[in-house]
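Enquirer: I have a structure here, written as structure tokens, and I will follow up with some questions on it.
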Amino acid sequence: MSKLARHATKDTETANLFFDNNAHLPILYGDHDEHLDHIGEALNVDMVSRGNMVSISGKRRDIEAAEQILNKLYAQIEKGVDVSLSEVEAAVRMAPPVQDKSKGKKRSYAGEEADSDVVIKTLKKTVRPYSHVQANYIRALFDHELVFALGPAGTGKTYIAVAMAVYMLLNKKVERIILSRPAVEAGEKLGFLPGDMKDKIDPFLRPLYDALFDMMPAEQVNACIANGEIELAPLAYMRGRTLSNAFIILDEAQNTTRTQMKMFLTRMGQQSRIVITGDLSQIDLPKDIKSGLADAIPKVESIDGIEVMRFSNTDVVRHDLAAKIVQAYDEWEKQRQESMEAQEG
């Protein structure tokens, strides 16, 4: 457990946080205090480590947020959880709101509540949410039979969906997993692909394979594919089928046509769950063809039993630069659209 000591100056406060077990501190602080530096930059506080003490200086509400994050990470380390920079970044995003007692306001960066109890357990790993939207997404996957997940790359839409599919297969809640994508080339012509049908469709389905291998041992994945418990197929193979007792994921759904999307949605059979993921800013269809995902959302969103989760740039959990790149592209596109509207006006 940690202990706390405070003192204040005119403009800022300083809190000294003490930790009992020195063996945990290298993990908590990170290499060259990398973890402390990241928390300090995110919360606008100065953090300095001195042995088993961390000195935190800044505004009280920011100090309290930093204290909560450090205590949470320290508790995870005590339980044997390895804490890397990714876990530190997640802890910052997942920090509950902290009350500013002097002004009666809450921090704007924080979400509504702590979501550390929301997890998906698979054979190889336990998938935890790295943002509040991810936590709500996991809840939606547990509670709803049809879930749409919309947002930019790197927000965990597909990865979490595959984790839930594996969890439900392992716990006998479904009999099989079906993973599908539309076979649309992303901005380049692949030309002739050698090999049999599996070889031809594998490049389109590779991200789904990668997620599966993170959740289950490779030999078990291959065995499940061989016996039909896991099926990976392009969207065209869904026509004419009724998919019962299955967890079905349609990835990259922004590249479906309206006809394909309607066909897919009506494949749902008894005791099945469907997750549809896509990024409406990354449509690779010809310009004269409307995305089936964009077409479907306003038509079905209000139906009881369907949940639509929307991720934003702040939910990107890849490298920091990935989130900044997504934001830069969005801002450039927004400026271009405003310029075009101004010219037309």
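Enquirer: What nm value, rounded to one decimal, do you get for the distance between ILE303 and ASN44 when each label is placed 7 Å out toward the C-beta?
Expert: 4.6 nm
Enquirer: Related question: With the Cα gyration tensor of the range 215-278 giving a ≥ b ≥ c as the square roots of its eigenvalues, does the rule (a/c under 1.5 for rounded; else a/b larger than b/c for prolate; else oblate) give rounded, prolate or oblate?
Expert: In terms of gyration-tensor shape, prolate.
Enquirer: A further question on this structure: Simple spin-label model, 7 Å along Cα-to-Cβ: GLU331 to ASP33 in nm?
Expert: 3.0 nm
Enquirer: Given a Förster radius of 30 Å and the C-beta distance between GLN282 and GLN343 as r, what FRET efficiency does 1/(1 + (r/R0)^6) yield to the nearest 0.05?
Expert: 0.70
Enquirer: Also, I was wondering about something else. Counting only protein heavy atoms and using a 1.4 Å probe, what share of the accessible area of the range 244-345 belongs to carbon plus sulfur, as a whole percent?
Expert: The value for the range 244-345 is 49 percent carbon and sulfur by accessible area.
Enquirer: If you don't mind, another one. At 0.36 nm per residue, and after removing the present C-alpha to C-alpha distance, how many nm does the segment from ALA223 to ASP143 gain when stretched out fully?
Expert: This chain segment gains 25.9 nm when fully extended.
Enquirer: Would you please give the residues with an amide H less than 5 Å from that of ILE178, counting only those at least 5 places away or on a separate chain, with H modeled from the backbone geometry?
Expert: Distant-sequence amide H within range of ILE178: GLU231, PHE247, ILE248, ILE249.
Enquirer: What order do you get for 331-343, 304-316, 55-67, 245-257 when each peptide is scored by the mean count of other beta carbon atoms within 10 Å, highest first?
Expert: Top of the packing list down: 245-257, 55-67, 304-316, 331-343.
Enquirer: Classify the range 222-345 as rounded, prolate or oblate from the Cα gyration tensor: take a ≥ b ≥ c as the square roots of its eigenvalues, call it rounded if a/c is under 1.5, otherwise prolate when a/b beats b/c and oblate if not.
Expert: Prolate.
The values are calculated or read from the model by the stated rules, or taken from the named source; none is laboratory data. A quick note: this is a predicted structure, and the numbers were derived from the prediction, not measured. No Cβ is skipped: glycine too gets one built from the backbone with ideal geometry, and neighbour counts run over all protein chains shown. The area values use the complete protein model at the heavy-atom level, side chains included, leaving out ligands, DNA and RNA. Shrake-Rupley method; radii C 1.70, N 1.55, O 1.52, S 1.80 Å.
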